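Colleague: Questions regarding the structure given below will be posed in turn.
All of the numbers you see were taken from the coordinates with simple rules; none came from a lab. Small disclaimer: the values here were computed from a predicted structure and weren't measured. Using ideal geometry, Cβ is built from the backbone for each residue, glycine included, and neighbour counts are taken over all protein chains shown.
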Amino acid sequence: MRWLQIARKDFADSRRDRQLYYLLALLGLFALGIGYFVGDNPEFVSGGDTAMILLSVFAFLAPIVALTISQADVVGKRATGELSVLLSLPFSRRTIVLGSLVGRMAVMTVVLVPVFVLAPLVVAVRGAPVDPVALAGAFAMIWLLSLVFTAIALGISTFTRSTTLSAGGSFGVFLLFVMQLWTVIPSGVRYLLNGLSMPSGPQPEWAAVFVQLSPFAALRNLAEPVLEEIVGSFPLAAGSVGDGLPWYQEPAFAGVVVLAWIVLPLAIGYWRFQTSDL
């Protein structure tokens, strides 16, 4: 259980640097604003509205926060020499990676839970209905999304030796998924393969499959059967939901994709980390 010691230290570092408190204050302001906005006209509010708005807003904010607080977690320790000190103690590199993941997700959990308590509390105080099941589903989706982007950022942080490269890589991930460059790639490939002109006709299946490999689309497809009432408000997920979906939008396939986005970046980063000198 040495990874737990690393996780505790990681969380304590976030408190000591006041990073945790800044995030609590910032996201708390968002929660208050959302609660005030939703509860402004209680007679026109349905029970799931708070969950849908939280889902749509924090689908943008949570990945940004996860990337920001995780991108320098391991490579930053390498740059300051802290990593050498940790490895001189009875901690393996695998322990450090796992502990860092748990520590970063502990920070994300601590800053997200008050949001999903404070916003509906304000809504309820203002006399509007709140659906706790929808709120729990929205929280689960945002937490999983945070886990995906934390894993990606830590994978980059363990793969590279440079804090600059790690920050650049995480910014690239932000552009790729949050700014939706991922959905443009198939069109760009088709444009190049068609002699620098946009082909006519329907989109080929490989392009549709590629788009659904985005973490946002995969998470939406995974949650759709159980959170049908709110999943339509989940942004940045291309394609439609409903009955008669193709195989690449089935929940089972989506679950594999989400798991891959968590495991593969960490595995690749750990492989590089394990074979590199400090």
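Colleague: For the range 19-26, does any single residue satisfy the condition of being closer than 26 Å to D131 by Cβ and of a type in the set (G, A, S)?
Modeller: No, every residue in the range 19-26 fails to be closer than 26 Å to D131 by Cβ and of a type in the set (G, A, S).
Colleague: While we're on this one: Looking at A128, A119, A140 in this structure, which one is in contact with a helix residue (DSSP H, G or I) (Cβ under 9 Å, 6 or more places away or on another chain), part of a helix (DSSP H, G or I) and over 21 Å from L259 (Cβ atoms)?
Modeller: From the options A128, A119, A140, the qualifying one is A119.
Colleague: Another question, if that's okay. Can you name the number of the only condition in (1) over 14 Å from the mean Cα position of the chain (by Cα); (2) in a loop (DSSP other than H, G, I, E, B) that V184 fails?
Modeller: For V184, the failing item is (2).
Colleague: With (1) under 14 Å from A7 (Cα atoms); (2) among the polar types (S, T, N, Q); (3) surrounded by 17 or more Cβ atoms within 10 Å (Cβ to Cβ) as the list, and Q71 as the residue in question, which single condition is left unmet?
Modeller: That leaves (1) as the condition not met.
Colleague: Kindly evaluate G127 against the criterion of being under 30 Å from F44 (Cα atoms), under 16 Å from the mean Cα position of the chain (by Cα) and surrounded by fewer than 24 Cβ atoms within 10 Å (Cβ to Cβ).
Modeller: So G127 fails the test.
Colleague: Same structure again: Quick test of your reading of the structure: I156 fulfils all but one of (1) surrounded by 24 or more Cβ atoms within 10 Å (Cβ to Cβ); (2) farther than 30 Å from F273 by Cα. Name the failing condition by number.
Modeller: So the condition that I156 fails would be (2).
Colleague: Hey, any hits in the range 11-33 for a residue that's surrounded by 14 or more Cβ atoms within 10 Å (Cβ to Cβ), in a helix (DSSP H, G or I) and either among the β-branched types (V, I, T) or over 24 Å from the mean Cα position of the chain (by Cα) (or both)?
Modeller: No - not one qualifying residue is present in the range 11-33.
Yes/no per residue for (1) part of a helix (DSSP H, G or I); (2) touching a helix residue (DSSP H, G or I) at 6+ places or on another chain (Cβ under 9 Å); (3) under 27 Å from T68 (Cβ atoms):
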| residue | (1), (2), (3) |
| --- | --- |
| Y191 | yes, no, no |
| A217 | yes, yes, yes |
| P225 | no, yes, no |
| L236 | no, yes, yes |
| V256 | yes, yes, no |
| R272 | yes, yes, yes |
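Colleague: Can we say L98 is without any contact (Cβ under 8 Å) to a residue 24 or more places away in the chain, surrounded by fewer than 21 Cβ atoms within 10 Å (Cβ to Cβ) and closer than 26 Å to G76 by Cα?
Modeller: Criteria not met by L98.
Colleague: Sticking with this structure for a sec: Can you pull out every residue in the range 42-78 that is over 30 Å from S276 (Cα atoms) and free of Cβ contacts under 8 Å to residues at least 40 places away in the same chain?
Modeller: Scanning the range 42-78 gives E43, F44, V57, L61.
Colleague: Do we have any residue at all in the range 49-64 that's part of a loop (DSSP other than H, G, I, E, B) and within 19 Å of L135 (Cβ to Cβ)?
Modeller: Within the range 49-64 (the criterion being part of a loop (DSSP other than H, G, I, E, B) and within 19 Å of L135 (Cβ to Cβ)), the answer is no, since none of the residues qualifies.
Colleague: Could you check how many residues of the range 66-92 are under 22 Å from V148 (Cβ atoms) and in a helix (DSSP H, G or I)?
Modeller: Count: 9.
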